[in-house]
Amino acid sequence: MVHDLVARYGARTILNGVNLRVEPGEIRVILGGSGCGKSTLLKHCIGLIPPAEGRVELLGQPLHALEGAARTALLTRIGMLFQNGALLGSLTIGENVALPLEAHTDLSPAVILEIVRLKLAMVEMSHAEHLLPSEISGGMRKRAALARAMALDPDLLFCDEPSAGLDPLTSRELDETLLRLRDRFGMAVVVVTHELASIETIADRVIFLSAGRPLADDTYQRVRQHDHPEISSFFARVAAGEMRGGPSALEVLTKGGH
Amino acid sequence: MSAPSPVFTAALDGGRLCLGGRLERATARALSHALERHAPSPGGALIVDLKGVDYMDSAAIGALLDAQRRAAARGSVWRVEGVSDTARRALSLFRLGPEQAAPPPPTPLMEAVGEGAYAARTALGDFLQLAADTTFALADPRKLRLGAFIEQCVYMGSQALPIVGLIAALLGLTLAFQSAYQLRQFGADIYVANLTGIAMVREMGPLMTAILVAGRSGSSIAAEIATMQVSEEIDALKVMGLDPIQFLALPRLAAIILVVPLLTLMADLLGVFGGYLVGVLYLDLTSGVYISKTIEALAPGDLLSSMFKSLIFGWGIGLIGLHFGFQARGGAGEVGRTTTASVVASIFYLVIAGCFFSVLFYVVL
């Protein structure tokens with residue numbers, strides 16, 4: 001769905017020739033160190049940034065070329081879980097989940113309320129329906145945001161670091177929720193994450209980015225065994241600088257120069 | 001009992017500088033001085049001995065690396081020989097990264113001017129686009145979210161009544177006092193009613209109301225939208241297929257366009273009432289005379305111009321708040337800067353627009 005994508009901020013090239021294809025019913029993980037372009041890739045995928053070169057197709061349609069009702073219709077078929085939830089602070093959790101339903105369906109308020117309760121129950125957040133986002137914890141906000149992303153039963157779900165800042169138990173619960181959604185609804189899920197435990201649990205296929213280019217794009221097991229130093233250091237949880245053997249202060253001082 | 005003062009020793013033995021004791025943040029400055037004092041001459045050599053070091057932290061390592069770098073720049077040999085276990089552990093802990101790239105050169109003046117002009121042009125284009133989008137959207141009332149519109153009207157309008165009313169009354173009172181002081185010298189006390197009425201309705205009522213709304217509601221619009229921008233709430237709306245203009249901008253803009261003229265009407269009346277109090281209680285004018293002189297001085301066009309001005313003022317304040325809010329990028333600091341910039345721009349706009357309308361109405365009316 002992403003073809004030869006090039007992304008630039010001013011003169012800086014952030015992504016250079018990235019290709020990404022996601023099959024229905026698979027969880028695709030985008031990996032890489034900080035600043036490698038993962039979030040930029042995601043923003044292109046969901047239509048927030050137009051590509052400098054290349055194209056993005058969602059569900060067979062060119063997202064960035066669409067306008068008006070056609071674009072809106074396509075966007076209703078995708079869901080997005082933002083890193084911090086991005087729930088609207090002035091609305092209750094229930095109202096947040098109801099928002100896409102009210103905007104894009106002609107369902108009665110009573111039916112919408114039932115759907116909202118179903119979605120909140122799905123992420124075990126029924127008790128928070130009338131609370132404001134500021135009144136719940138970060139993990140609960142993410143679960144509520146997942147309920148909102150799922151409000152219209154999308155075919156494609158994007159998640160930006162869903163486990164970031166969560167305790168291991170909450171993170172595990174969120175992973176299991178994603179797996180359940182994939183298994184029951186057959187949706188495709190694209191996840192940007194750093195969490196090794198989470199990747200191991202959910203990833204079907206992985207694309208590993210480095211400095212805006214894909215280093216590996218394969219099944220999780222194959223990428224895990226990839227011999228590129230940056231990838232092996234990532235999975236070995238060792239800093240790449242250390243793997244590359246940057247000189248220690250002792251070596252520099254005793255050898256007489258930087 | 002006070003803690004023992006940190007101690008380190010430095011002793012030069014031929015071409016060998018023996019360091020000992022605690023090399024840490026508290027002694028790092030003294031260490032740098034010692035290293036500089038015993039720095040090798042150009043082409044010379046210095047061996048630094050760390051065998052006597054009991055403790056070493058990153059500040060001391062920084063001082064040693066700095067001294068080595070300076071010596072290398074002078075073409076001298078400078079290296080460490082003999083390292084205590086403590087120093088070895090500390091020195092092994094830190095790794096040097098790749099050589100730092102040179103900092104980018106300062107932007108040439110003409111380039112900076114060009115970048116500034118381009119940014120200003122882009123911002124103006126965005127502002128005009130926002131003005132066009134919101135104007136077209138306002139033309140279709142079905143797009144307005146009624147609940148949000150009413151909520152904004154309550155916040156911008158009814159909750160602003162006390163402060164706008166009080167300021168307007170005090171302003172009318174002040175105007176009347178100041179004019180009474182001058183007019184009394186000519187026995188023209190009665191014209192206080194005319195002067196206060198005209199000044200309040202034509203100029204001060206709309207302008208003061210708009211300035212208060214800019215400080216209260218314009219800043220609130222900018223801060224709210226900027227916060228939503230930096231917390232990705234606006235991105236979330238876009239991905240949900242919701243138009244932020246319709247969802248966020250329209251209720252706020254429609255509310256401010258409605259409430260500013262209404263607040264101005266109230267400010268005009270309370271300003272005149274302030275003058276009335278001075279006329280009746282201080283100048284001993286009768287109530288009937290004061291009211292009739294005010295009505296006589298004011299033409300219907302004055303009230304219409306007051307309403308028209310306030311409508312344009314409200315529209316501008318709303319647009320400026322929205323524009324700065326949507327332009328926000330970055331973190332929490334940006335929200336503060338955006339809010340301040342929006343208030344300054346709004347007041348600047350009000351003064352310029354007020355001046356323009358004064359000249360226009362002077363010529364027309």
Cα-based reach from B:Lys51 at 12 Å (exclusive), listing aspartates and glutamates while leaving out same-chain residues under 8 positions away: B:Glu81, B:Asp85
24 Å Cα-Cα reach of A:Lys38 towards lysines, excluding residues that sit fewer than 8 places from it in its own chain: A:Lys142, B:Lys238
Reachable lysines, given that their alpha-carbon falls under 28 Å from the alpha-carbon of B:Lys309 and they are not under 8 places away in the same chain: B:Lys143, B:Lys293
Cβ-defined net charge surrounding B:Leu166, 15 Å radius [Lys, Arg +1; Asp, Glu -1]: 0
Neighbourhood charge, 15 Å Cβ-Cβ cut-off, centred on B:Met307 and excluding it, Lys, Arg +1 and Asp, Glu -1: -1
Cα shape, the protein assembly as shown, gyration tensor, a/c 1.5 rule: oblate
Considering only chain A, percent of DSSP beta bridges that pair antiparallel, nearest 5: 50 percent
Sequence-distant residues sharing a close amide H with A:Val190 (under 5 Å, placed H): A:Arg28, A:Leu157, A:Phe158, A:Cys159
Alpha-carbon centroids, region B:327-357 and region B:56-97: separation in whole Å: 52 Å
222 nm mean residue ellipticity, helices alone, for the protein assembly as shown (DSSP H n ≥ 4; -39,500 (n - 2.57); rounded to 500): -17500 deg cm²/dmol
Gyration tensor (alpha-carbon) shape descriptor, region B:50-90, a/c threshold 1.5: oblate
Under-5 Å amide H pairs with B:Ala45, H placed in peptide plane, nonlocal only: B:Val77
Neighbourhood charge, 13 Å Cβ-Cβ cut-off, centred on B:Pro251 and excluding it, Lys, Arg +1 and Asp, Glu -1: 0
Peptide A:74-82 - average C-beta neighbours from other chains (10 Å radius): 3
Using θ = phi - 60° and Karplus 6.51 cos²θ - 1.76 cosθ + 1.60, couplings along region B:13-19 (whole Hz; Gly, Pro as x): 10, x, x, 10, 9, 9, 9
Whole-Å distance, taken between Cα centres, linking region A:11-82 and region B:198-220: 46 Å
Label-zone membership for region A:133-165, site B:Arg145, 7 angstrom Cα→C-beta point, backbone N under 17 Å: A:133-134, A:145, A:148-149, A:151-152
Solvent-accessible area per residue for the protein assembly as shown (1.4 angstrom probe, square angstrom): 49 Å²
Sequence of B:Leu171, A:Leu174 from largest to smallest accessible area, 1.4 Å probe: B:Leu171, A:Leu174
Cα long-axis angle, helix B:109-138 against chain B (0 to 90 degrees, to the nearest 10): 40 degrees
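The values are calculated or read from the model by the stated rules, or taken from the named source; none is laboratory data. All values reported here derive from a predicted model rather than from experimental measurement. For neighbour counting, all protein chains shown are included, and Cβ atoms are generated from backbone atoms with ideal geometry for every residue, glycine included. Ligands, DNA and RNA are excluded from the accessible area calculation, which covers all protein heavy atoms including side chains. Shrake-Rupley method; radii C 1.70, N 1.55, O 1.52, S 1.80 Å.
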